[in-house]
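Report on one structure; see the data block that follows.
The values are calculated or read from the model by the stated rules, or taken from the named source; none is laboratory data. Computed from a predicted structure; not experimentally measured. Backbone-built Cβ (ideal geometry, glycine too); neighbour counts: all protein chains shown. Keep in mind that these areas ignore ligands, DNA and RNA; they rest on the heavy atoms of the full protein, side chains included. Shrake-Rupley method; radii C 1.70, N 1.55, O 1.52, S 1.80 Å.
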Amino acid sequence: MDLTIRPIKESEFDIFRSKLVRVFGGDIHKEDDPKHLRSILDPARTVCAFDGNDLVGTCAAFTFDLTVPGSTLAMGGTTMVTVQPTHRRRGILKAMMQAHLKEMKDRGEPLAGLWASESSIYGRFGYGYAVEGSFIKIDAKELIFTNNTQKGSVNLIEADDAAKIFPDIYEHIRQTRPGVLSRSKAWWDVRVFRDPQHRREGKSAKRFVIYKENSQPLGYAIYRQKVNWEWAEFPKSHIYVVEVIAATDEAHLAIWKFLTNIDLFPMVQYWNAPVDDPLMWRINDPRRIQRYNTDSLWIRIIDIKAALEGRSYSSQGRLVFDIHDEFMPANSGKYELTTNSSEAQCKPTSTEADITLSATSLGALYLGGNRFTTLANAGLVQGTPEALAMADKMFAWTCAPWCPEVF
Ligand SMILES: CC(C)(COP(=O)(O)OP(=O)(O)OC[C@H]1O[C@@H](n2cnc3c(N)ncnc32)[C@H](O)[C@@H]1OP(=O)(O)O)[C@@H](O)C(=O)NCCC(=O)NCCS
């Protein structure tokens with residue numbers, strides 16, 4: 001094997017697309033104009049593997065800002081990772097990941113993030129399981145909400161109108177919820193509003209619903225319908241929720257009442273609700289909502305000082321972390337983190353460590369979605385009970401992290 005790792009050239013964009021979709025079992029459809037992907041992906045941000053002239057591995061980064069507790073930080077979104085089945089398990093992914101993380105470091109991105117096709121792949125590269133999403137299924141036929149007031153109104157609108165209104169509402173929640181990603185105009189167009197038939201999996205086109213109070217848009221939902229209709233049986237057709245974004249509690253209540261009260265469509269599913277979504281607390285029979293949680297966003301800390309100084313903390317304190325980073329060894333070492341109500345400082349130190357952990361564990365803990373004590377119980381983090389409790393208090397945040405979309 002004559003391996004070269006490099007970005008693709010503009011002229012290689014089509015072969016990049018077709019090689020990568022094949023690994024995931026798909027094909028390029030005629031509706032999939034390359035300009036769609038090109039508008040959100042810069043070929044300079046690809047890191048691909050060539051065996052001679054043959055493209056055998058793909059990897060790329062989207063350019064995002066990630067909301068972290070109290071702030072936002074630049075994050076490279078690891079994506080489109082494939083190795084052709086003819087070339088698997090020869091170290092190509094490992095070689096691409098080395099170049100990919102270096103590219104992010106050189107750009108000054110303190111964080112990398114990804115959604116994993118298989119949860120066994122990325123821990124070795126320092127990505128930690130940082131965010132969970134909740135898959136919820138509701139049999140809404142007899143759902144009773146405990147609060148029946150509704151201040152505003154819910155209306156269905158067309159995609160063109162939604163495109164003018166939804167981004168502002170999304171921006172509002174993006175500021176406050178760790179794990180949420182920035183969306184460029186191109187991202188909204190290509191990933192949210194563009195809705196080709198072959199991506200619908202037998203469901204309807206996307207429906208767009210808006211909640212307003214006094215003409216002010218405060219929340220929205222995107223969903224699809226799927227008819228499941230047997231003659232002379234009770235209705236059991238489905239609503240598949242794509243996204244619910246609510247800037248206020250009233251908007252959240254009104255949108256969920258709407259989604260669970262559509263005639264003929266009593267079966268409601270949401271593939272990725274926040275794990276702390278208040279919906280189950282709004283109904284008188286919480287078992288009507290079945291839930292299971294699974295990993296969504298994995299975080300890899302590229303620049304430890306910038307990442308630890310770049311977020312806010314829930315309490316003041318001082319801790320020394322001894323961090324072991326096998327895949328980016330220059331990151332390994334002891335770091336002293338000092339936090340107060342307005343800022344955090346992180347600096348290398350030679351003093352005794354309070355907590356010892358891997359870069360992967362730090363990624364898992366960074367957004368406040370997991371507890372140091374839990375990872376210590378699993379043998380992944382070492383520290384005294386007092387140090388672990390202090391770290392838990394410092395890193396905790398007011399809401400669970402949530403990443404609303406796969407990339
Ligand atoms: C996942 C994939 C990219 C791995 O590529 P690869 O070139 O075979 O991986 P490498 O040979 O560089 O393996 C590096 C290490 O990861 C391990 N590994 C690779 N794929 C793995 C998997 N699916 N599950 C668990 N471990 C895996 C290897 O065993 C190796 O471990 P080691 O360092 O302890 O020896 C490739 O199998 C693939 O394209 N899969 C289908 C598409 C996909 O799932 N992509 C990921 C999208 S998020």
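Considering only GLY379, GLY363, GLY179, the Gaussian network model of the chain with Cα springs below 10 Å gives its largest mean-square fluctuation to GLY379. Over every Cα atom in the range 134-295, the radius of gyration and the widest Cα-Cα span, Dmax, amount to 15.6, 49 Å. Pairs of alpha carbons in the range 76-120 separated by more than 13 Å make up 61% of all such pairs.
For the range 20-82, applying the loop criterion from DSSP together with a ceiling of 15 other beta carbons within 10 Å to the trypsin sites (Lys or Arg not before Pro) yields LYS30. Annotation: the antiparallel percentage among DSSP beta bridges lying fully within the chain is about 90.
Quick check for you: which residues of the range 119-161 have the amide N under 15 Å from the point 7 Å beyond the Cα of ASN284 toward its beta carbon? Backbone N within reach: 141-149. If you wrap the Cα atoms of the chain in a convex hull and average its projected area over all directions, you get 22.5 nm².
One decimal place: the segment THR384-ALA186 gains 66.5 nm when fully extended, by the rule 0.36 nm per residue minus the C-alpha distance.
Per residue, the solvent-accessible area of the chain (1.4 Å probe, heavy atoms of protein chains only, all protein chains present) comes to 48 Å². Label zone (ASP139, point 7 Å along Cα-to-C-beta; backbone nitrogen cut-off 11 Å) within the range 275-302: 288-290. The share of accessible area on the range 106-246 that comes from carbon and sulfur is 46 percent, using a 1.4 angstrom probe. Tell me, rounded to the nearest percent, the portion of alpha carbon pairs in the range 303-395 spaced more than 17 Å apart. Of the Cα pairs, 43 percent sit more than 17 Å apart. Over the Cα atoms of the range 3-109, the radius of gyration divided by the Kirkwood radius equals 0.99; this is the Rg/Rh ratio.
In this structure, the pairs whose alpha-carbon distance is over 21 Å, taken from LYS30/LYS226; LYS102/LYS185; LYS141/LYS236; LYS105/LYS347; LYS141/LYS212, are LYS30/LYS226; LYS102/LYS185; LYS141/LYS212.
Take every pair of alpha-carbon atoms less than 8 Å apart whose residues are at least six positions apart; their mean separation over the length of the range 134-295 yields a relative contact order of 37 percent. The distance separating the Cα centre of the range 13-77 from that of the range 90-149 comes to 16 Å.
Stokes-Einstein, applied to the Kirkwood radius of the range 213-268 over Cα pairs at a viscosity of 1.002 mPa s and 20 °C, places its translational diffusion at 174 µm² s⁻¹. Give me the percent of Cα-Cα pairs in the range 75-199 that sit more than 21 Å apart, rounded to a whole number. Of all Cα-Cα pairs in the range 75-199, 64 percent lie more than 21 Å apart.
Here the accessible area is traced with a 1.4 Å probe on the protein chains. For the range 303-395, carbon and sulfur cover 50 percent of it. Loop-resident GluC sites (Glu not before Pro) (DSSP state other than H, G, I, E or B) in the range 287-356 with no more than 10 further Cβ atoms inside 10 Å of their Cβ: GLU343, GLU352. For the range 303-395, the relative contact order is 28 percent, taking Cα pairs closer than 8 Å that sit 6 or more residues apart in sequence and dividing their mean separation by the residue count. Spin-label model, THR86/VAL406: points 7 Å from Cα along the beta carbon direction are separated by 2.7 nm. Counting only whole DSSP H helices of the chain, the ones at least 18 Å long by C-alpha along their axis and with mean Kyte-Doolittle hydropathy no lower than -1.0 are 92-107, 159-174.
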